[in-house]
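What follows is one structure encoded as structure tokens, with my remarks underneath.
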Amino acid sequence: MPVLNLSNRPSLRTRRCLLAAAVGAFSIAAGASLTGCGGGSSTTENANPNPTQTTRGRYGSLEFTLFTTGTYFPKTEADVPFVFTVKNTGSTPVTFGDAAPAYRAEIRQGDTLIWDRWVGFGFGAGFAMASLAPGETRRYEFRWNVKNNVVPVAAPGQSPVEAVPGTYRITAYSGMILEGVNNPRTQLAADPIDIVVR
């Protein structure tokens with residue numbers, strides 16, 4: 001009977017380390033440690049110095065998400081992009097009444113509103129979202145120009161106001177009418193996100 005030579009077979013520990021190395025990029029991104037495999041472990045040196053941010057909110061079967069491309073933005077950078085989405089996670093359509101604005105984004109410094117934009121503005125306009133089918137997602141992209149903080153936009157002959165260094169809070173929500181909703185700014189919204197202009 002032939003004898004199977006297992007002397008060259010990698011140990012269990014070695015096989016685990018080889019597997020970890022094969023998916024190393026994913027492991028590091030997920031914060032998994034490779035300690036004990038000779039490669040050390042992930043540290044804060046590998047952390048993104050300007051991490052993206054994502055917050056969520058929920059009302060019934062509606063899921064709201066707010067996303068920014070970073071946490072810190074230089075004053076010299078013209079635009080701060082962020083995305084607001086709403087998804088129907090349920091199995092039946094969600095029907096809204098008409099309202100204005102359909103979707104709104106605000107930026108405040110403390111209690112002061114410094115920037116305000118909307119999508120689907122106009123009561124009875126008909127182009128605002130009327131319903132969301134099961135699994136449907138609507139996505140809205142906004143860009144805050146840090147060099148123009150006049151609400152809503154600079155009037156003719158009015159000079160834009162540049163953002164000063166500090167912390168700013170982004171809020172995005174749906175202004176659509178929905179049964180049971182008394183305060184859409186908090187009920188039909190993702191949690192706010194704080195960013196820093198420096």
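The values are calculated or read from the model by the stated rules, or taken from the named source; none is laboratory data. In this text, all values refer to a predicted model and were calculated from it rather than measured experimentally. Neighbour counts run over all protein chains shown; Cβ positions are idealised from the backbone, glycine included. In case anyone asks, the SASA skips ligands and DNA or RNA and just uses the protein heavy atoms, side chains included. Shrake-Rupley method; radii C 1.70, N 1.55, O 1.52, S 1.80 Å.
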Label model pair GLN109, ARG58: point-to-point distance (7 angstrom along the Cα→beta-carbon line) in nm is 3.7
With all protein chains present and a 1.4 Å probe, the order of GLU141, GLU162 from largest accessible area down is GLU141, GLU162
Residue separation between THR95 and ASN50 times 0.36 nm, minus their alpha-carbon distance, gives in nm 12.4 nm
Plugging the Cβ-Cβ distance of VAL164 and VAL83 into 1/(1 + (r/R0)^6) at R0 = 35 Å yields, to the nearest 0.05, a FRET efficiency of 0.90
With 0.36 nm assigned to each residue of separation and the Cα-Cα distance removed, ARG143 to ASN182 gains 11.2 nm
To the nearest Å², the heavy-atom accessible area per residue of the range 51-116 with 1.4 Å probe amounts to 43
